[in-house]
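The values are calculated or read from the model by the stated rules, or taken from the named source; none is laboratory data. None of these values were measured; they are calculated from a predicted model. Virtual Cβ from ideal backbone geometry, glycine too; neighbours counted across all protein chains shown. For accessibility, only protein heavy atoms count, side chains too; no ligands or nucleic acids. Shrake-Rupley method; radii C 1.70, N 1.55, O 1.52, S 1.80 Å.
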Amino acid sequence: MMAELFYLSGVIAFIVIFLVSVFAPTKGQTRIWLWSILKICFFGSLFYSWFTDNIVLKWILIEASTLFGALLISSSGTERSFHVGWKFLLINSYALGLAFLGIVILLFVSTPLENLDFNTLKQGLVGQSGLLIETGILLTVYGYSGKLGLVPNHFWVGDTYAESPSQISSLIASFVPVSVVLAIRPLIQLEREINPHMINAANGILFIGVLTILYSTLVLFSKEDIRRISAKVALFHTGMLTLFLWLDVSDDIFYFLLTTTVLVKLLVFLSMGILRMDAGKRNISQILENSSLSHKALYMYLLALLVAFVFPLSPVFVLDLKVIEIAIKQKLFFLFLFPIIGAIFFFISLNKVLPLVRLPNRNFDSGVYRILQTRLVFFWFSFLFTVLVGSYGLTYLLADYIWKR
């Protein structure tokens, strides 16, 4: 059931992003239908990768999204966006090149295969050299981690989300991480069966995931650009994905995690786009120089941050409860640190944005009133759907505690 919910959430999130880009585009956006076709290609390649078990085809589809993504990043038409598009293309292609090298090693080590499905590959690796298999898995997982944007291959993330239109940022942040995690998970599960040592891909990706979480939290102190604050929120949640990969949670929790990732990042970037367009500036210190601000836009962004971390009916809150449950059952008490770090991140970001409340309230700027009203409708729809998903996850994943007498 959770897998179907994830697929539905992905389709709904894309429809929201697509309709916003068509009916409420970024001010000055041209050739909307051309970029809309690229958005469909970007989402279509990643969406198809969710359903294929062919490890080579999955890699090809994820790599194709890199090309489409680079073109979409440059849709702003500025010199800066072209540079960022090239950075996105080069770093991601380098990382995926390492992943492909790992896949080639795995195919080389295995016995001759009838097809390239993962289950067939797994059977072909039975009885083969352990070191080569471990090397192939390590290269593949590390390469894919670069596409995730984890430390040390995180340099494209901040610039990509800061220089792209909010719809493009939302598209990349929502769909790239879940697609890559779907490709990584079976490899990590396979390695658990063949490599009991401390140095393995699962521990490695958790290590760089924790570094990513700490990096995004520490760097947040020095950020006052709402675009880059949103980028750090996205980076933090991407780092949290590695924790659940390491814990090897059930399919229900895993697909609920992917659903949460898609919906939360949609809300964050959709609300950020509303605030950015209404304020006319992106740095908080510059926004504070304005004579007024629409509190409606500000509260949408604050609500999105709340949902991303501590809102009681948010899917994120449900996942935090599951982490606490796992920590108690498996006596992994260090897991309590992750919800605590999430709360710390939220309060830092809240402290950054909350001074904007001092500005006098006004209605949306008249020049972009229709665009922002349209985006506001889509935001409320996305928010209500996210709360429904969170409520369902709360009653489904924690049913033993809620309905227990």
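Which lysines does residue 87 reach when only Cα atoms under 20 Å apart count, and residues fewer than 8 places away in its own chain are ignored?
Excluding near neighbours in sequence, the set is 39, 147, 232.
Exactly which trypsin sites (Lys or Arg not before Pro) in the range 1-56 are in a DSSP loop and have at most 13 other Cβ atoms within 10 Å?
Counting only loop positions with at most 13 other Cβ atoms within 10 Å, the trypsin sites (Lys or Arg not before Pro) in the range 1-56 are 27, 31.
For residue 133, what accessible area in Å² do you get when you roll a 1.4 Å probe over the heavy atoms of the protein chains, rounding to the nearest 10?
Roll a 1.4 Å probe over it and residue 133 shows about 10 Å².
FRET efficiency for residue 347 and residue 111, Cβ-Cβ distance as r, R0 = 45 Å, nearest 0.05? Don't skip to the answer; put the middle values down first.
Values: r = 54 Å, r/R0 = 1.20.
Step by step, r from the Cβ atoms, then E = 0.25.
Run the quick spin-label model on residue 1 and residue 126: label points 7 Å from Cα toward the beta carbon, then report their separation in nm to one decimal.
Each label point is offset 7 Å from its Cα along the Cβ direction, giving 3.5 nm.
By its C-alpha gyration tensor, with a ≥ b ≥ c as the square roots of the eigenvalues, how is the chain shaped: rounded for a/c under 1.5, else prolate for a/b larger than b/c, else oblate?
prolate
At 37 °C and 0.692 mPa s, what whole-number value in µm²/s does Stokes-Einstein give for the translational diffusion of the range 141-217, with Rh from the Kirkwood sum over Cα pairs?
Rounded, D is 243 µm²/s.
Just how large is the dipole of the chain about the Cα centre, in debye to the nearest 20, putting +1 at every Lys and Arg Cβ and -1 at every Asp and Glu Cβ?
With only Lys, Arg, Asp and Glu charged at Cβ, the dipole is about 1240 debye.
Run down the aspartates and glutamates and flag those whose C-alpha is under 14 Å from the C-alpha of residue 281, throwing out any fewer than 8 positions away in its chain.
List returned: 163, 224, 225, 289, 365.
Quote the relative contact order of the range 261-405 in percent (integer), defining contacts as alpha-carbon pairs under 8 Å separated by 6+ residues.
Relative contact order comes out at 37 percent.
For the range 250-330, what does the relative contact order come out to in percent, with C-alpha contacts under 8 Å and a separation of six or more?
For the range 250-330, the relative contact order is 31 percent.
Which of the aspartates and glutamates could be linked to residue 58 by a straight reach, that is with a Cα gap under 12 Å, when you skip same-chain ones fewer than 8 residues away?
Cross-link targets: 117.
Show me 287-300, 235-248 ranked by packing, highest mean number of other Cβ atoms within 10 Å first.
Working: 287-300: 17.4, 235-248: 22.7.
Most protected by this proxy first, the peptides run 235-248, 287-300.
With the Cα gyration tensor of the range 1-54 giving a ≥ b ≥ c as the square roots of its eigenvalues, does the rule (a/c under 1.5 for rounded; else a/b larger than b/c for prolate; else oblate) give rounded, prolate or oblate?
On the way: a/c = 5.05, a/b = 1.87, b/c = 2.71.
The shape class here is oblate.
Got a number for the accessible area of residue 80? Probe 1.4 Å, square angstrom, nearest 10.
Residue 80 exposes around 100 Å² with every protein chain in place.
Report in % the part of the accessible area of the chain that belongs to carbon and sulfur, leaving out ligands and nucleic acids; probe 1.4 Å.
Accessible surface attributable to carbon and sulfur in the chain totals 68 percent.
For Cα pairs less than 8 Å apart in space and 6+ apart in sequence, what is the mean separation divided by the residue count of the chain, i.e. the relative contact order in percent?
Contact order relative to length: 17 percent.
Grab the Cα-Cα distance for residue 357 and residue 203, subtract it from 0.36 nm times how many residues apart they are, and report the gain in nm with one decimal.
Numbers: separation 154, 0.36 × 154 = 55.44 nm, distance 4.29 nm.
Taking residue 357 through residue 203 to full extension adds about 51.2 nm, to one decimal.
Please provide three numbers in whole Å: the alpha-carbon extents of the range 269-405 along the principal axes, with the largest listed first.
54, 28, 21
Say R0 is 25 Å: what FRET efficiency, to the nearest 0.05, do residue 48 and residue 194 get from their beta-carbon distance?
Once the sixth-power term is evaluated, E becomes 0.30.
Any chance you could run the full-extension gain for residue 324 through residue 214? It's 0.36 nm times the residue separation minus the Cα-Cα distance, nm to one decimal.
Additional length available on full extension: 37.7 nm.
How big is the accessible area of residue 166 in square angstrom, nearest 10, if you roll a 1.4 angstrom probe over the protein chains?
The value for residue 166 is about 10 Å².
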